[in-house]
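Here's the structure we're looking at; comments come further down.
What follows is calculated from the coordinates using simple rules that are stated; it is not laboratory data. From a predicted model like this one, the values you see are computed outputs, not experimental measurements. Ideal geometry is used to build each Cβ from the backbone, glycine not excepted, and the neighbour counts take in all protein chains shown.
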Amino acid sequence: MEPEGGDLTVATQGDPEGDERTYLGTDRRPPEAIERALGDFTMTPSVLRLIPLAVLIGALGAGIALGLLDLIGFFTNALYYQRWSVHLVSPGASALGAIAVVVPVGGGLVIGLMARFGSEQIRGHGIPEAMERILVDGSRIQPRLAVLKPIASAISIGTGGPFGAEGPIILTGGAMGSIVGQLFRLTAAQRRALLVAGAAAGMSGVFGTPVAATLFGVELLAFELKPRSMVLIGLAAATADGIRMAMAGAGLVAPQPLFPIPLHPPLGTVALLGAGGVGVASGFAAWLMTQCVYRTEDLFAKLAGRLHWMWWPMIAGAVIGVGGLLDPRALGVGYGTIHAELLGRLALSALVTVFVVKLVIWSVGLGGGTSGGILAPILMMGAALGGVLGHLLPGTTPGVWALIGMAGALGGVTRSPLTAIVFTFELTHDNNSLVALLVAATVSHLVSVLVLKRSILTEKVARRGFHVMREYAVDPLEAMFVREVMDTDVYTIEPARRLAGLSEALAEGSPMRRQRLFPVVDGNQQLVGVLPWSALRSGRHTQQAQVRDLMMSPVAVAHPDEILRSVADRMALFGVGILPVVDRNAPGRLEGLVTQSDLLQARQRLLEEERHAERVLTLRRVATPQSTPTATP
């Protein structure tokens, strides 16, 4: 086993001097030195060699993001306006009329063919696909996906698809990070960090939101909250944003923020109460959006026996085209429409129409297997919902309510409230709405978690047979030592003892039967070997055989001053369920045994904290002292 990589950091516990001896339990340092070496985090200096790769991936992610936006602009201009340009425009202002319905149908045909004969993984909105690669394939993504996904998404969105560019860019950036990671000798955990770094870089390159992109990667993709991931993700996102700002200075992209809004006074108590109401509405809207997407997907699945899925994007394209006739603002990425909502320029009827049409064509498009992201549509529908409620709520303008609704919808649909708050802030740089964003995103997250078992992202992963737990907490195995759970009431045996007599001592009803590993000690009470219960029960010994004939050296040992996580890792490494516990400074002195069942005591403590309710303080009524009446002489 090599001492580098993510696998050993679990055992070394952030100890800069830790090495393979710590993992195998052969570290002979004094116990006080071992305990002092335990740190808050498990990251080791080995992560430093990955930082240049993270910076490189950040630069590649920015290039991919900006290139995809240009490609979307090229297809939109060519098909809707018959001109050669890469400027990102809305397809809704074209003069094609009813013939515009044909454009998304043709786009759906091309995407179906690419998925059938190229890679089926280009279907969908990108983020669940990235999550699946992380969960099931060691963060390996096929290089061809880095080419096919952006092209398919550019065709889908460029032909009017009501999607965002961020989902495909997240998958493409993640593919680039995975490819770079596969070129080097890295662990699966390190490849995962680079994959998520690429995804965050792509998101930062599109929106100019490096902090939100980092949070997004940590909250949704990394499946851990550890410095070894966060450092690489943050540096990649910052690199991508730095390149974007440099290009903005050169006039190649729009300057930050993406959606500037007018300055407004800080929001008061009335607005904060209203933000809670918007959060409730956004939480139920998250349920509606998720249900629409997957119920539509189920409807398309019923066509599987009659019509190959390759043709489904064409059907979805026809619905998208009709929806574009009803409200052209719902087509494409919709950045212009989102900005108009935040500026309060859309009337109440227009906001309702945008929400309904966008919801229908977006859910049909995703259910039909076209390629595109979900963040921009969520922002548009959330802003529309907030704007509608803003015509009823006091405290601020409809445009600011649209901003609050945008954060609420994102927090509810993705179940990532921190990302939603920071993302909305970075898109607008509106300091005066931060507390309202916090209220709306938090309340929406609460409602969404209560009414939905899974988010729009994890539902697709679950439908493919995998479960994703989004709750992160301190592992109880990291908080307890072996000495707190080990069994010190241990039966030991001598090397010269006959096996036949030992078998009789282990007859039914003997208290020794509960023990599954017997330490063998010599006359000086020094551990010289172990005798497993399974070896004794095998019967492959003579009547005159002694314990020394069947005993073996322990494959590993534990120490009283170790945390339980190190012991659990050692048990998994060697495939054993019980280890002798010996003194670190006197390796032959037996202290006890630790079993897998003992490790569960840490979990039992956590369950006790979570489930046992008690009243600690009791309020008692204090009696008022009354004065004693004096006798009258």
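Structural remarks
- Tail beyond 28 Å, pair distance distribution of the stretch 48-249 (Cα, percent): 27 percent
- Take 54-63, 337-346, 591-600 and order them by the average number of nearby Cβ atoms within 10 Å per residue, most first; the result is 54-63, 337-346, 591-600.
- Normalised by 2.2 N^0.38 Å, where N counts its residues, the alpha-carbon radius of gyration of the stretch 223-382 equals 1.29.
- Amide H contacts under 5 Å for Phe518, placed H, 5+ residues apart: Leu531, Trp533
- Contour excess over end-to-end distance, with Cα ends at Asn432 and Leu619 and 0.36 nm allotted per residue: 63.2 nm
- Each of the peptides 195-201, 439-445 was scored by the mean count of other Cβ atoms within 10 Å over its residues; in descending order, highest first, they stand as 195-201, 439-445.
- Only lysines eight or more places from Lys453 in sequence, or on another chain, were considered; those with a Cα closer than 26 Å are Lys226, Lys302, Lys358.
- Distant-in-sequence amide contacts of Phe223, defined by a placed amide H-H separation under 5 Å and a gap of 5 or more residues or a different chain, comprise nothing.
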